[in-house]
Every structure is written in C-alpha cells, then in structure tokens.
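Presented below is the structure to which this report refers.
Values quoted throughout were computed directly from the atomic coordinates according to the rules given, and no laboratory measurement underlies them. Since this is a predicted model, take the numbers as computed values, not measurements. Counting neighbours? That spans all protein chains shown, and the Cβs are built from the backbone with ideal geometry, glycine included.
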Amino acid sequence: METLLDLLLAAGLVLVAVRAIHAPALFTAVVLYIAFGLLLSLVWVRLGAADLALAEAAIGAGVTGALLLETAAQLGFGKERPMALRGIPLLVLTALPVAGAVGVATFALAGETAGLKETVLARLQESGVEHPVTAVLLNFRGYDTWLEVIVLLAAVLGVRAITGSAARPGIGPASAPLPRSVAVVLPLAIVMGGYLLWRGTTAPGGAFQAGAVLGSAGILYLLVLRPTIELPRGVLFGASAGLGAIAFLVVGMAGLALEGEFLEYPTSAAGLLILLIELAVAISTAAALIFLFLGARPSVREERSA
Amino acid sequence: MILLDLVTAVCLIAAAFFFLGGTVGVLRFPDSLSRLHALTKADNLGLGLVVLGLVFQASSFLVAAKLVLVWVLALVASATGANLIASSVADPSRRTAGSE
C-alpha cells in the first residue's frame, strides 16, 4: 500500500512536470509548477525530510509560485510560450542524458551508507541545538548557510537596482472578503513564523521556513491592506535585507577572535548564538521575499505614464 | 477502538467521494462559475470529512484542534480565492493581478 502511494506520487510528479513544460499558456504552466511544488513537498515528507518539505511548500510552491504568477500577469496571462520550449524531441534529447547520468551516478554509489549521520549525531551535544539538520546548517556547515544568505541578499540588491524604490500601487478594494480574510490570517501567520523559528532548535523548522511564512504575511499585508506600497529605503532597506548576513558575519568574526576559527562558537553559548543568527536570517529572508515580490510590481509613476 | 476506526473509514470514504465529485465537476462543467461551485463546495466538504475522520484518530485534544484549524484556514483561503475569481469573472475590469 505504501509502495503504491509512493509510485503514484512519483508518477504524478513526472506527469505534472511534463505538463508544466508543455503547457501552451504561461498561466497554466505556473499553476502546474505550483502543483509540482506541493507534490514535491509530499515526496519530501515520504522521504522523512520534513525540513525540506516545509521549505518546498513555503518557498518553492508558495512564494515562488506567487512570484511567477505576478510575472505571468505582467507578461499577459494567455500569452503563448515560445515553441522551442514545447517540442517533445528537444525535451527528450536534453532530459535523457541528464537522467542517465544521474542514474549511473546513483547506482555507482556504495549501497547503503549512513553518510555523515553518525558523525553529526555523535557531536550533536556540542552544537547547542537538538535538531541535527539545524546543527549542520547553523553550526557544522555554518559557512555554507552564510553564503546562501548572501546569495539571497545579492538577488534582492539586483532587483532593487533594476526596479527602484518608488511606491507601488496596492491591489485596492478588489473584493470585500479579501481584506477581512487577510486580517484573520495575518496574526496566525506571525505566530506560525515565530513558532517555526523557535521550533527549529529541536525539530524540523528554522530560519528559512519562518522567514517564508513571515514574508508571505508581509506581502499580504502590504498588498491588500495598504492603498500604496511604500517599500523601506535607505538604511532601513539595508538593515532589513542585510541583517542575516551581518549577524552571521559578526558572530563569525567573534568566533575568530575568541576561539581562533571563523564561525566557531563557544560550546556554552552556541545555542543562544544560533538562535540569534536564526532570528536575524528569518527577518532578512522575510524582507528579501517582500522586496523580490513587491519590487517586481510596476511603480505608481510607471503606471501613470503607461 | 474498532468503532472509532469504522467512523474514520466512513468519513474518509465519504471525503473521497466528494473530492471525486468536485474533480469531475471541475473537468465537466461548462463555465467558470459552475466549476468554481464544484471546486469550493466539494473541496471544503471533502477536506472537512478528512479532518473529521482524522480527529477520531487524534492522540490528544491539541492534535485534534490543530487538524480543525487546518480545515478552518483552508475554508478562509478557499472562500476568499473563490470570491476573487468569481468577481473577476463577473467583471473583468476588476481583475487585480498585473492590472491589465
């Protein structure tokens, strides 16, 4: 029965992916992409990777889906896609070698290995947190995570450089229930974000998932409940977008000064330091998603001239 | 316990029926408003029955409350989304995204 469920999930994933690539209209492709993300998060649940499932559902399907919908709306929903993207021969030609290479690489691996699981679990006590994924992300491999935070910052700076900081129109009184629903969901989303952040130290959750939920809440608030969207500029913009990278850097340099190694935390304070970094990264992730989504909307001035 | 399992099974099967009905409606109904009707009615009832069925299996009151919360949030989102789509169908000038 469980195998059947997994097979159905895998088949559904491939089917939705093929349909998304072949969808004739942009809108259809985006909706199928969102469905793909949700199916993929179910697959992560089945593989026991709850952290990835949360991230995929919140960021992959949720915020990225909204971002793509917004883009498709600006390009024109019904717009035909370039034929080159839809040809079956091209798809097969490009997909087959990649799938083959991945297959060969997978079967070349040495059977069942525990990977680095034993090493991580053996030293989990020193990490300051009880959840192995958080221990790896924020302590053992903190350097990688820091660079990921910087990548996100670079994306935000890129979008800002192109789109500017002028005010954007909100969506206005689109319908009566929308503002009310948002007012109901907002407090819950903020609590949920805080909960995911706090929970990350002992169970699946953490800065990126919390940031995605808080960012979605921020997008909803600015988009629906404000007549015009004033995005933060100047110092406030820099502080909100850069907080995660800066906090990481400060803690890392403190480690270099006190412990002799960049991003080395003293064991007694590791838990607190990780929570501080996670708080900063969650705020920056939320800010980044807000800037990426709302920054892409045409500004008031552009719309008037159009 | 067997009685609870039975109630759960009945709820889940009924839920599957409503999901199936809603899906057939989305595929077969001719216009947007009828399709929306099929989707929201069947989805909300189907998910509600899934939640009801799982509540009988919940290990504690807290778990049951969380399940019900999931349903309530889905109702809020579904009702809001359906209203937006419906008003966009009724009056294309009120379309919001992309302000076309």
Whole Å is fine, so just give me how far the alpha carbon centre of the stretch A:187-207 lies from that of the stretch A:1-26. 30
Quote the charge dipole size of chain B about the Cα centre in Debye, to the nearest 20; the model charges only the Cβ of Lys and Arg (+1) and of Asp and Glu (-1). 60
If each of A:Leu256 and B:Val63 carries a label point 7 Å out from its Cα toward its Cβ, how far apart are those two points in nm? 4.9
Can you give me the convex hull volume of the Cα atoms of the protein assembly as shown, divided per residue and expressed in Å³? 189
Given an 8 Å cut-off on Cα distances and at least 6 residues of separation, report the relative contact order of the stretch A:175-306 as a percent. 30
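At a 10 angstrom cut-off on C-beta neighbours, averaged per residue, how do the peptides B:65-71, A:274-280 rank from highest to lowest? Intermediate results must be reported in sequence, preceding the final value.
Values: B:65-71: 14.4, A:274-280: 21.7.
Per-residue Cβ counts within 10 Å, averaged per peptide and sorted highest first, yield A:274-280, B:65-71.
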Rounded to 0.05, the calculated FRET efficiency for the beta carbons of A:Leu272 and B:Asp31 at R₀ = 41 Å is 0.10
So for the protein assembly as shown, taking the charge dipole from beta-carbon charges (+1 Lys/Arg, -1 Asp/Glu), which of A:Thr163, A:Leu90, A:Ser127 sits furthest toward the positive end? A:Thr163
Order of A:52-59, B:21-28 by packing, highest average Cβ count within 10 Å first? A:52-59, B:21-28
Charge dipole of the protein assembly as shown about the Cα centre (unit charges at C-beta), most positive-ward option of A:Leu52, A:Leu69, A:Pro227: A:Pro227
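Contact order normalised by length for the stretch A:1-82, with contacts defined as Cα pairs under 8 Å and 6 or more residues apart; what percent is it? List each step's numbers first, then the result.
Numbers: 79 pairs, mean separation 27.8, N = 82.
It rounds to 34 percent for the stretch A:1-82.
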Need one value for A:68-75: mean number of C-beta atoms belonging to other chains within 10 Å of its residues' C-beta atoms. 2
What are the residues whose amide H is under 5 Å from the amide H of A:Ile229, where those residues sit 5 or more places off or on another chain and H is modelled from the backbone? A:Arg168, A:Gly170
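Work out how much length A:Arg199 to A:Glu118 would gain on full extension: take 0.36 nm times their residue separation and subtract the Cα-Cα distance, in nm to one decimal.
Details: separation 81, 0.36 × 81 = 29.16 nm, distance 2.28 nm.
Extra length from A:Arg199 to A:Glu118 when fully extended: 26.9 nm.
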Please give, to one decimal in nm, the separation of the simple spin-label points placed at A:Arg233 and B:Asp91, each 7 Å out from Cα toward the Cβ. 3.4
Where does helix B:61-90 land angle-wise versus the long Cα axis of chain B, in degrees 0 to 90, nearest 10? 20
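Starting with the highest mean, order A:208-220, A:21-33 by the number of other Cβ atoms within 10 Å, averaged over the residues of each peptide. Intermediate results must be reported in sequence, preceding the final value.
Working: A:208-220: 24.9, A:21-33: 17.9.
In decreasing order of mean packing, A:208-220, A:21-33 become A:208-220, A:21-33.
Quote the relative contact order of chain A in percent (integer), defining contacts as alpha-carbon pairs under 8 Å separated by 6+ residues.
Working: 372 pairs, mean separation 61.7, N = 306.
Dividing the mean separation by the residue count of chain A yields 20 percent.
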FRET efficiency, 1/(1 + (r/R0)^6) with R0 51 Å, evaluated for A:Arg226 and A:Ala110 via beta carbons: 0.35
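For the protein assembly as shown, what is the mean residue ellipticity at 222 nm derived from helices alone (per DSSP H run of n ≥ 4: -39500 (n - 2.57); sum divided by total residues; nearest 500 deg cm²/dmol)? Before the final figure, lay out each step's value.
Values: 17 runs with 293 residues, N = 406.
One gets -24500 deg cm²/dmol as the mean residue ellipticity at 222 nm.
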